[in-house]
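Peer 1: Supplied in structure tokens, the structure appears directly below.
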Amino acid sequence: LNRLVKVGKIQRLSRGVYALPDADFSEFQSLAITCLTLPHAVICLISALHFHDLTTQVPKEIWLAIKTNSRTPRFNQFPVRFLWYSPKALSTGIMTVMIDGVPVKIFNPAKTIVDCFRYRHKIGMDVCLEALREGWRKRLFSMDELWKYAKICRVSNVIRPYLEALV
């Protein structure tokens, strides 16, 4: 592989991840590379909002959910922020999308919005409300779906007034 990289037949994208030099990548290439390197992590919060087009913010780091009590993985390719989730919260609401031919695990829009309310002190309440309004406007989820994830993530009392205001 090193000889192929030196000759220019392939390019090294990350540790253990290579591509052809003329490969065409999407704007979410960093998510695909991150998920190849860290297969047990799930894309969450601002990164998931950006992927689902629910925010005007462009994340400066990749937000990843990992299991509680797992050690922080080493990853130096891109700026990454890890959040630790309980096994139940980590296993619900996951969808797999193909980005540049790579299967990427990402939370669905409803679970992402509930997680935003859960971590509202880290990302800001304005981001939560913008995502909720935009997702509801685009009809990406139902109230029942939001409520189900809110109970799992234990933020039902926090999100209730905002859901009542939407209806």
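Peer 1: Defining a contact as two alpha carbons under 8 Å apart and six or more residues distant in sequence, what relative contact order in percent does the chain show?
Peer 2: Averaging sequence separation for qualifying contacts and normalising by length gives 19 percent for the chain.
Peer 1: Which of Ser30, Ser47, Ser86 ends up with the largest GNM mean-square fluctuation for the chain, with Cα atoms connected below 10 Å?
Peer 2: Ser86
Peer 1: Sticking with this one: Measure nothing but the geometry: give the 0 to 90° angle between the long axis through the Cα atoms of 143-152 and the longest principal axis through the Cα atoms of the chain, rounded to 10°.
Peer 2: Approximately 80 degrees, to the nearest 10.
Peer 1: So for the chain, if I pair up every lysine 8 or more residues apart or on another chain, how many of those pairs have alpha-carbons under 26 Å apart?
Peer 2: The number of close lysine pairs in the chain is 28.
Peer 1: Follow-up question, since we're still on this one. Can you work out ³J(HN,Hα) from phi for every residue in the range 122-131, in order, using Karplus 6.51 cos²θ - 1.76 cosθ + 1.60 and θ = phi - 60°, giving whole Hz and x for Gly and Pro?
Peer 2: 8, 10, x, 5, 5, 5, 4, 5, 4, 5
Peer 1: I'd like the accessible area for Arg133: 1.4 Å probe, protein heavy atoms, all chains in place, Å² to the nearest 10.
Peer 2: We get 140 Å² for Arg133.
Peer 1: Tell me the angle of helix 156-166 to the major Cα principal axis of the chain, expressed in degrees between 0 and 90 and rounded to the nearest ten.
Peer 2: So the helix axis and the longest Cα principal axis differ by about 80 degrees.
Peer 1: Here is a further query. Take every Cα-Cα distance within the chain, group them into 5 Å bins from 0 onward, and report for each bin the whole-number percent of pairs it holds.
Peer 2: Final binned percentages: 1, 8, 17, 20, 18, 13, 8, 6, 3, 2, 1, 0, 0.
Peer 1: Still on this model: Counting only protein heavy atoms and using a 1.4 Å probe, what share of the accessible area of the chain belongs to carbon plus sulfur, as a whole percent?
Peer 2: 50 percent
Peer 1: Right, another one. At 1.4 Å probe size, what's the solvent-accessible area of Glu130? Round to the nearest 10 Å².
Peer 2: Near enough 50 Å² of accessible area.
Peer 1: Now for a different question. What are the ³J(HN,Hα) values, in whole Hz, obtained from phi via the Karplus relation 6.51 cos²θ - 1.76 cosθ + 1.60 with θ = phi - 60°, for each residue of the range 60-71 in sequence order, with x given for Gly and Pro?
Peer 2: 8, 9, 8, 8, 10, 9, 10, 5, 4, 6, 8, 6
Peer 1: What residues have an amide H closer than 5 Å to that of Val80, excluding those fewer than 5 places away on the same chain, when H is modeled at 1.01 Å from N in the peptide plane?
Peer 2: Distant-sequence amide H within range of Val80: Ile62.
Peer 1: Test of understanding: express the Cα radius of gyration of the range 26-79 as a ratio to 2.2 N^0.38 Å, with N the residue count.
Peer 2: Normalised by 2.2 N^0.38 Å, the Cα Rg of the range 26-79 equals 1.13.
Peer 1: Ok, one more. Calculate the all-directions average of the projected area of the range 81-167's alpha-carbon convex hull, and give it in nm².
Peer 2: 6.2 nm²
Peer 1: Related question: Give me the 1.4 Å probe accessible area per residue for the chain, excluding ligands and nucleic acids, in Å².
Peer 2: Result: 57 Å² of accessible area for each residue.
The values are calculated or read from the model by the stated rules, or taken from the named source; none is laboratory data. Here the structure is a predicted model, which is why all the values come from computation and not from measurement. To get the accessible areas, we keep the full protein, side chains included, count just its heavy atoms, and leave off ligands, DNA and RNA. Shrake-Rupley method; radii C 1.70, N 1.55, O 1.52, S 1.80 Å.
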